[in-house]
Amino acid sequence: MQEHYFNGLLILDEQDQSRMNYIVTDLADNSKQSITDLLDRIYNSTNTISKLMRIVIKPYNSNNLYSSFQSLCIKKDIHGIIGYFVGELALDNKLFELVGSNVEVWVDDYTDSTDTEETVHGKSS
């Protein structure tokens, strides 16, 4: 498992016209990290394990917490827009709603598991 933590201002990269690229700018040192790049890496992983991940999104100064622990997939939302989902949590929609807000985002990536196909299905080799 790999853990990723984003903490800062969520922005939409205006320079990247090819996709919705969500970036968190750290408030302490102005470093930038792309949530979209991380999701792309997890989704495009060639690991045989399901694209299992846990995500938690918490806006500052809010009691709202958005989280899910399931496989990362791409599908259409209720408006017909294609984007990333973790279970029923539409990540692109939720991140778009929070653009301009300070957020904390935790992503636990389970795709780097070293389990073999046999151990995943309950058999040990």
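Shape of segment 2-114 from its Cα gyration tensor (a ≥ b ≥ c, root eigenvalues): rounded if a/c is under 1.5, otherwise prolate when a/b > b/c, or oblate? It is rounded, given that a/c, with a ≥ b ≥ c, falls under 1.5. Here the extension length gained between R41 and L27 equals 2.6 nm, from 0.36 nm per residue of separation less the Cα-Cα distance. Around the Cα centre of the chain, unit charges on the Cβ atoms of Lys, Arg, Asp and Glu (plus for the first two, minus for the last two) sum to a dipole of about 320 debye.
Restricting to lysine pairs 8 or more places apart or on different chains, what number in the chain have Cα atoms under 27 Å apart? Taking the Cα cut-off of 27 Å, the pair count is 12.
Shape analysis of segment 76-115 yields a ratio of the Cα radius of gyration to the Kirkwood radius, Rg/Rh, of 1.07.
Computed from backbone phi with θ = phi - 60° and the Karplus coefficients 6.51, -1.76 and 1.60, the 3J(HN,Hα) list for segment 83-96 is x, 6, 10, 10, x, 9, 7, 7, 4, 4, 5, 5, 5, 4 Hz; x is used for glycine and proline. Each peptide among 58-65, 82-89 gets the average number of other Cβ atoms lying within 10 Å of its residues, and from highest to lowest they stand as 82-89, 58-65. The calculated FRET efficiency for Y60 paired with L89, based on their beta-carbon distance and R0 = 22 Å, is about 0.70. Remark: the F96-S50 segment gains 14.0 nm on full extension, using 0.36 nm per residue and subtracting the alpha carbon distance.
If I take every Cα pair under 8 Å that is 6 or more residues apart in segment 2-114, average their sequence separation and divide by the length, what percent do I get for the relative contact order?
Taking the mean separation of contacting Cα pairs over the length of segment 2-114, I get 34 percent.
Throughout, read-outs are computed from the coordinates displayed, never taken from laboratory work. Because the structure is predicted, anything quoted here is derived from the model rather than measured. Heads up, the Cβs are rebuilt from the backbone with ideal geometry, glycines too, and the neighbour counts pull from every protein chain shown.
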